[in-house]
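Here is the structure we will look at, set down as structure tokens.
The values are calculated or read from the model by the stated rules, or taken from the named source; none is laboratory data. Quick caveat, the model's predicted, so the values are computed rather than measured. Note that we place each Cβ from the backbone using ideal geometry, even for glycine, and neighbour counts take in every protein chain shown. Just the protein is used for accessible areas: all its heavy atoms, side chains included, with ligands, DNA and RNA removed. Shrake-Rupley method; radii C 1.70, N 1.55, O 1.52, S 1.80 Å.
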Amino acid sequence: MPQSPLTLTASALSPKTWPFELSLLPESAHLVGGSVRDALLGRQADYLDLDFVLSANAVATAETIARHYQAGFVVLDAKHQIARVVFDNATVDFAQQVGPTLITDLHRRDFTVNAIAYHPHSEALLDPLGGYGDLQQLSLRMIAPENLKDDPLRLLRAYRQAAQLGFALDPDTQETIRQLAPLIKQVAAERVRGELDCLLSSAAGTPLLQMAWQDGLVRYWLPGSSETGLRIVDAIDRTAQHLQQTWPLYGQILMGWLREQTVPGLHRSWFKAAKLSQLLLPEPAMAEENLRRLKYSRVEQQAVVAILKGWHLLTEMLVQGLSPGQQYYFFKGVGASFPGTAIVALARGVPMETMAPLMHRYVDPSDPVAHPKPLLTGRDLMQALQLQPGPCIGQLLEALQLAQARGQIDTAQAALEWAADWLTRRSAAAVGPGKGDGHSPG
């Protein structure tokens, strides 16, 4: 590819888009990696992620720029001279080149499309490995098998990048990955989790996830994964797309998550959690152990396991029927994980006419079955009915919520009258002939 000036003024290749002045970069600095690749593909991002390679003084250059702009600064790897500067709208990494020349450095990278360098001072591209040609062919091609061995996460990253870019894997690259697949066991769990999450977080990732599974890169980390589970994952994609078109509000909920502080860039959604739940062993304790092994947060472990438990509970309910009382206990059991449980149910073949009433209840914050709001507190009951603290108060509150779900009460006064009657019947059952017959008085 000819090294010629570029006119991509709106891309990451233009210093005008950078949060610092070009004059602060040494003459040897080259922009490399994904930002160059994406700029050549015409891909733009709201948040810049820039990687520079320098022949010398990488950490010192980063520190100077950070100090000049009062930006965040951290040394990522003192031994290999890698530092990061964090701006409001950009993260900029500075690394010392590996080897005696930039060409040597580029030959140590993963794929040819990530081994194109841009020299901003001369506006020239350096492409010693033919990466630009692979960009035009929409092909992800390795540089060398040894580079994949050096960091086995690159084996899985190939599928994630192919999904992200809409590329095909070069056949020789894919065959090499199959041969090296056992090395994925050596990678730190949190790094594997990051790649899996990327693949699970979009429909475009599913075909590549299926391919990675077939090529031996998934089963070690997700021992519950199977062809059946991957087919359900694909069905979840199609179901989510249909919901986004026909019920945008619910589609938005599905792509949302708990009210939890998360680091930007983390892939957390009910959509992803539902898909992940189908690649785990179905027994909740074993599924939770698998999630723990992959270093998922405690909150995400609980959410995914709740989807599994919710599906099991729903299958039991479908056999028994969906009375308001059963729906109340279902929503109580599944909690905030209902969106994930619902899309799993739809993907597994439960008819929309069966699930729609439950979904409508969930999206209505005033629904007394899905989102019961107590008409009375324990204090209210103790004061109005002259009750003493004890287990009876909790039992009565639970009975009141069930009665509310069944439509038997809808005001505080009606709740008090119902509670008084409940206590009367309870007392009569305790002293009457029916004592010990096992039947609930309420």
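Scanning segment 1-25 for residues that are assigned to a loop (DSSP other than H, G, I, E, B), at pLDDT 95 or above and open to solvent by 40 Å² or more (accessible area, probe 1.4 Å) returns a single hit, Glu21. Looking at segment 381-405, I want the residues that are on the phi > 0 side of the Ramachandran plot and have a partner that is basic (Lys, Arg) and open to solvent by 20 Å² or more (accessible area, probe 1.4 Å) with Cβ atoms under 7 Å, at least 6 apart or on another chain. Which pairs are those? Between residues of segment 381-405 that are on the phi > 0 side of the Ramachandran plot and residues that are basic (Lys, Arg) and open to solvent by 20 Å² or more (accessible area, probe 1.4 Å), there is no close pair. Checking the stated criteria, Leu346 turns out to be in contact with a Ser or Thr (Cβ under 6 Å, 6 or more places away or on another chain), at pLDDT 85 or above and either in a helix (DSSP H, G or I) or more than 30 Å from Asp237 (Cα to Cα) (or both).
Between Arg37, Arg43, the distinction of being exposed (fewer than 15 other Cβ atoms within 10 Å of the Cβ) and basic (Lys, Arg) belongs to Arg43 only. Pairing each residue of segment 354-365 that is touching a residue at least 60 places away in the same chain (Cβ under 8 Å) with any residue that is outside any loop (DSSP other than H, G, I, E, B) and surrounded by fewer than 16 Cβ atoms within 10 Å (Cβ to Cβ), provided the two are 6+ apart or on different chains, yields C-beta distances under 7 Å for Val363/Leu249.
Within segment 140-153, being open to solvent by 20 Å² or more (accessible area, probe 1.4 Å) and in contact with a Phe, Trp or Tyr (Cβ under 8 Å, 6 or more places away or on another chain) holds for Arg141, Met142, Ile143. Evaluation of Ala66 against the conditions (1) open to solvent by less than 40 Å² (accessible area, probe 1.4 Å); (2) under 28 Å from Tyr132 (Cα atoms) shows that the sole unmet condition is (2).
Quick check: anything in segment 154-171 more than 26 Å from the chain's Cα centre (by Cα), of a type in the set (S, T, N, Q) and surrounded by fewer than 21 Cβ atoms within 10 Å (Cβ to Cβ)? Checked segment 154-171: no residue is more than 26 Å from the chain's Cα centre (by Cα), of a type in the set (S, T, N, Q) and surrounded by fewer than 21 Cβ atoms within 10 Å (Cβ to Cβ).
Among the residues of segment 362-370, are any modelled with pLDDT of 85 or more, open to solvent by 30 Å² or more (accessible area, probe 1.4 Å), among the small types (Gly, Ala, Ser) and part of a loop (DSSP other than H, G, I, E, B)? Scanning segment 362-370 turns up at least one residue that is modelled with pLDDT of 85 or more, open to solvent by 30 Å² or more (accessible area, probe 1.4 Å), among the small types (Gly, Ala, Ser) and part of a loop (DSSP other than H, G, I, E, B). When residues in segment 125-143 are screened for being assigned to a loop (DSSP other than H, G, I, E, B), within 15 Å of Leu169 (Cα to Cα) and out of contact with any Gly (no Cβ under 7 Å at 6 or more places or on another chain), 2 of them pass. Total residues in segment 156-203 satisfying the condition of being out of contact with any strand residue (DSSP E or B) (no Cβ under 9 Å at 6 or more places or on another chain), free of Cβ contacts under 8 Å to residues at least 40 places away in the same chain and not β-branched (Val, Ile, Thr): the figure is 16.
Somewhere in segment 332-346, is a residue open to solvent by 40 Å² or more (accessible area, probe 1.4 Å), among the aliphatic types (A, V, I, L, M) and within 22 Å of Leu276 (Cα to Cα)? There is at least one residue in segment 332-346 that is open to solvent by 40 Å² or more (accessible area, probe 1.4 Å), among the aliphatic types (A, V, I, L, M) and within 22 Å of Leu276 (Cα to Cα). Considering only residues in segment 378-428 that are more than 42 Å from the chain's Cα centre (by Cα), outside any helix (DSSP H, G or I) and not polar (S, T, N, Q), the one that is surrounded by the most Cβ atoms within 10 Å (Cβ to Cβ) turns out to be Leu387.
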